[in-house]
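Scroll down for the structure; my scribbles are underneath it.
What follows is calculated from the coordinates using simple rules that are stated; it is not laboratory data. What you see is a predicted model, and the numbers here were worked out from it, not measured in a lab. Cβ sites come from the backbone with ideal geometry, for glycine too, and all protein chains shown count toward neighbours.
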C-alpha cells in the first residue's frame with residue numbers, strides 16, 4: 001500500500017455515498033446522498049467534509065481508493081454505450097438463447113431477460129477454432145475488412161461507440177479476436193473494443209459472450225467517469241494516485257479499471273467483505289457471516305479463516321425477484337455473496353394475495369424514503385423503523401435529512417395499513433418482520449448452497465441499516481454472537497483501505513487426471529502468474545510508497561469435476577510446478593475437496609480439470625489480535641424511549657445509550673439502542689452488549705455464559 005498518513009476510501013452506493021479519511025490522528029467519516037446524475041459531485045462533497053473535519057490539507061492525501069455502482073447501474077438501467085457484438089457465424093443468438101434453462105420451472109408465462117445487445121447489432125464472421133485450438137476455418141481478411149466497413153459506415157445517430165468481440169473457443173486461442181480488433185481500430189480508432197480472450201478467457205460461450213458485451217457496453221461511460229473524477233480530485237488539490245477496488249477484493253489502477261470496467265461491478269460489496277474479514281482476523285474468528293445492509297440492498301457473505309469465499313461467475317441485473325438464473329451472468333473473479341433487495345430504502349407494499357412485500361424496488365436517494373422529506377411518498381424499511389421507534393430524528397445523523405415521523409406514518413398508512421385494515425404501528429411491524437425474514441431466508445439458502453451450518457457462525461454487521469436489524473436476524477438464524485465494529489455504517493469504505501493490490505487471472509484448459517500434461521499445465525500457470533503479476537506491479541508503479549517493495553503472494557487453483565458433471569469445484573494447488581505425478585496429486589486433492597463439499601467422494605470415476613486460476617496479491621499485514629472482554633461494569637441508563645421489540649411483539653421501554661460514551665468492558669442489557677451519528681444498533685430484550693477492547697460491540701444472548709461462549 002502507498003505510504004503516508006492520509007488515505008481516503010469512497011464508496012458510491014445506491015442511496016448514500018460513504019467517505020472515510022484515515023490519518024495518524026484517527027478516522028473521520030461521512031455519509032452524503034448519492035448524486036445519480038453526477039456521482040463524482042457527491043464524492044467531492046464527502047471528501048471536503050472529512051478533510052475539513054480532520055483539519056487536513058487535500059494536497060497531503062497519499063491514496064484515494066474508490067468503489068462505485070456506476071457500471072452496475074448502467075447494466076441494470078441499460079444506459080451504456082451503443083454496442084455491437086461480433087461473433088462466430090452460427091453463434092449470433094447465443095446471448096439471447098442463453099442456456100435454455102428456466103429459472104422458474106412452472107411459470108408458463110415466463111419471460112427471459114432481454115439480451116444486452118439487440119439482434120440487429122450482432123454481426124458474424126465465418127471463422128472457427130476448435131475446442132483444442134485447431135483452426136477449423138481460417139480468419140478471412142477480406143470478409144473481416146468488409147464487416148469493419150459495415151460497422152463504420154453508419155449514420156451518426158446510429159454509430160457504434162463500443163464493439164465486443166467474442167469468437168467461439170477464443171479462450172483457447174485469441175488470435176482471431178486480436179486480428180479483428182486490429183482491423184477495427186485501424187478504421188475506427190475512437191471506438192472502445194473489448195475481446196473475450198482478454199476480458200474472460202473461460203469456457204461456456206454464453207457467460208463469456210455476456211461478459212465481453214457488458215465490458216464493452218460500460219467501457220466508454222466508465223472511462224469518461226474515471227477521467228472526470230481524477231481531474232476533479234486534482235482540481236480540488238489532490239496529488240495522489242487513484243485506485244479502484246474490483247469485485248475480487250483487490251485494488252487496480254485507473255488504467256486497468258478503464259480497460260476492464262466489468263471487474264468493478266461488485267466493487268462496493270467486495271469492500272464490505274474485506275472489512276468483515278479484517279475484523280474476523282483481529283478477533284480470531286474462523287467462521288463469520290458478514291451482513292451488510294445499506295439503503296438499497298443487503299449482502300451476506302461467508303468468511304472462513306479470515307478469507308471471504310470467492311467465485312468465478314455471478315449474476316447482475318436479475319429481473320425476477322432476485323431469482324438465481326434470471327440475470328446476466330458475468331464470468332470474472334468475485335467475492336461470493338448473496339444480494340437481495342432489502343435495504344433501508346426498499347419499498348413496501350401489498351400484493352394481490354394480501355401479503356406484505358418488501359423490495360426489490362428501492363427509493364434510493366432520489367426521491368428517498370417518505371420520512372426523508374425529499375419527495376418520496378412510498379413506504380420503506382426506514383419509514384417502518386422510524387415508526388417502530390428504532391430510529392430517531394434526533395440521532396439519525398445524515399447531513400441535510402430531518403426524519404419526519406408524520407410522513408412515514410402517512411406512507412405506511414396509505415400503502416399498507418389501510419389495504420390490510422391494520423393500524424400504522426402494526427403495518428410497520430409487518431414490514432420490518434418481512435424484510436428480516438427475507439434476509440434470514442437468503443442467509444439460510446446461501447449457507448446450504450455452500451454446505452455450511454450458519455448457526456455455528458459469528459455475525460459481523462455493518463452498513464447503515466445492518467446494526468438495526470442484525471439482532472433479529474441472529475434470533476431467526478440461531479446465531480449466538482454478533483459483532484458491530486466501530487465505523488460500521490461506512491464499513492465498505494473502510495474495507496477499501498484494508499484491501500491489497502491484487503489481480504486474479506482465469507483460464508480454461510481441459511486436463512484429465514489420467515492423462516495429465518504437466519508441461520502444458522506448468523506453462524499455463526506460469527503465463528497466468530506473469531499476467532497477474534504485471535497488473536499488480538503496474539498498479540504499484542503509481543504508488544508513492546518510498547519504502548521497501550511489498551511482498552507479493554501467489555495462490556493457484558484448479559476447477560475440477562468428475563467427467564460428465566456439469567459444474568466444477570475449486571481445488572487449491574499448493575507447492576511448485578507439477579511433475580510426472582501431477583495427475584495423481586491433483587486427483588487426490590480433488591477427492592478431498594469433493595468430500596468436504598458433498599460429504600463423500602465417488603470411487604471409480606474419471607477426474608478432470610476444466611479451469612485454472614492464479615491470484616497475485618500484496619501480502620496482508622499482520623493484525624493485532626483482540627482478546628475477548630468480559631463485562632466489567634454496568635452502564636447507567638440516563639434515558640429511554642418506546643421501541644417495538646419484534647422478538648416479543650411488544651412495545652418496550654428501551655435504554656438509549658450513546659456509543660461515544662462507552663468504554664471497553666461496559667455492559668448494556670437489552671432492550672436498548674446504541675446510537676451514533678450514522679447508524680443505530682438494536683439490542684433486543686433477550687440479549688446483552690459488552691464493549692470490546694477495540695470498540696466492537698459484542699452482542700450475545702442474555703443467558704449465555706459469557707462473551708467467549
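Tell me, what is the FRET efficiency for residue 82 and residue 450 to the nearest 0.05, using R0 = 41 angstrom and their Cβ-Cβ distance as r?
0.55
Could you tell me what a quarter of the Cα convex hull surface of the range 551-709 works out to, in nm² with one decimal place?
Quarter of the Cα hull surface area: 15.8 nm².
In nm, what is the difference between 0.36 nm times the number of residues separating residue 526 and residue 597 and their Cα-Cα distance?
Computed gain between residue 526 and residue 597 is 22.7 nm.
Helix 39-54 against the longest principal axis of the chain: what's the angle in degrees, Cα atoms only, rounded to the nearest 10?
50
Calculate, axis by axis, the spread of Cα positions in the chain along the three principal axes, and write the results as whole Å, longest axis first.
Per principal axis, max minus min of the Cα coordinates gives 81, 60, 59 Å.
Relative contact order for the range 358-430 using alpha-carbon pairs under 8 Å, separation at least 6, rounded to a whole percent?
So the answer I get is 29 percent.
Quickly work out the residue 100-to-residue 514 label distance, labels modelled 7 Å from Cα along the C-beta direction, and quote it in nm with one decimal.
Here the answer is 2.8 nm between the modelled labels.
Could you tell me how many degrees, from 0 to 90 and to the nearest 10, lie between the Cα long axis of helix 518-540 and the main elongation axis, the longest principal axis, of the Cα atoms of the chain?
50
Using the alpha-carbon centroid of each, what span in Å lies between the range 478-544 and the range 443-467?
When both Cα centres are located, 23 Å separates them.
Enter the angle in degrees (range 0 to 90, nearest 10) between the Cα long axis of helix 582-598 and the first principal axis of the Cα atoms of the chain, meaning the one along which they spread out most.
30
With the alpha-carbon atoms as the only input, what is the per residue convex hull volume for the range 81-208 in Å³?
So the per-residue hull volume is 116 Å³.
Going by a ≥ b ≥ c, the root eigenvalues of the Cα gyration tensor, does the range 148-212 fall in the rounded group (a/c under 1.5), the prolate group (a/b larger than b/c) or the oblate group?
It comes out prolate by the Cα gyration axes.
In Å, the Kirkwood hydrodynamic radius of the range 346-433 over pairs of distinct alpha carbons?
Here the Kirkwood hydrodynamic radius works out to 12.6 Å.
Could you calculate the contour length gain from residue 239 to residue 114, that is, 0.36 nm times the residue separation minus the distance between their Cα atoms, to one decimal place in nm?
40.7 nm
Taking only DSSP H segments of four or more residues, each worth -39500 (n - 2.57), what value at 222 nm results for the chain once the sum is divided by all its residues, to the nearest 500 deg cm²/dmol?
Taking each H run of at least 4 residues, the total per residue is -9500 deg cm²/dmol.
So if I take the centroid of the Cα atoms in the range 101-135 and the same for the range 647-681, what is the distance between those two points in Å?
53
Report the Stokes-Einstein translational diffusion coefficient (µm² s⁻¹, integer) for the range 65-154, Rh taken as the Kirkwood radius over Cα pairs, at 37 °C with viscosity 0.692 mPa s.
D, rounded to a whole number, is 201 µm²/s.
Where Rh is the Kirkwood radius over the Cα pairs of the range 443-581, the temperature 10 °C and the viscosity 1.306 mPa s, what D in µm²/s does Stokes-Einstein return?
Rounded, D is 82 µm²/s.
At 0.36 nm per residue, minus the direct Cα-Cα distance, what do residue 304 and residue 702 gain on full extension? Give it in nm, one decimal, please.
Gain in length upon complete extension: 140.6 nm.
What's the FRET efficiency of residue 227 with residue 661 using the Cβ-Cβ distance as r and R₀ = 41 Å, to the nearest 0.05?
According to the calculation, E is roughly 0.35.
Where Rh is the Kirkwood radius over the Cα pairs of the range 233-350, the temperature 20 °C and the viscosity 1.002 mPa s, what D in µm²/s does Stokes-Einstein return?
For the chosen part, D equals 137 µm²/s.
Output the Cα-based Rg and Dmax of the range 1-82 in Å, rounding Rg to one decimal and Dmax to a whole number.
14.0, 48
At a threshold of 8 angstrom on Cα-Cα distance, excluding pairs fewer than six apart, so keeping six or more, what relative contact order does the range 81-208 reach in percent?
So the answer I get is 30 percent.
For the range 502-618, treating each Cα as an identical point scatterer without solvent, what Debye log10 I(q)/I(0) comes out at q = 0.10, 0.14, 0.19, 0.21 1/Å?
These q points yield log10 I(q)/I(0) values of -0.35, -0.61, -0.96, -1.11.
I'd like the distance between the alpha-carbon centres of the range 574-633 and the range 210-225, rounded to an integer number of Å.
Spelled out, the Cα-based centre of one part sits 33 Å from the other.
Do you know the relative contact order of the chain, to the nearest whole percent, from alpha carbon pairs under 8 angstrom that are 6+ apart?
Answer for the chain is 12 percent.
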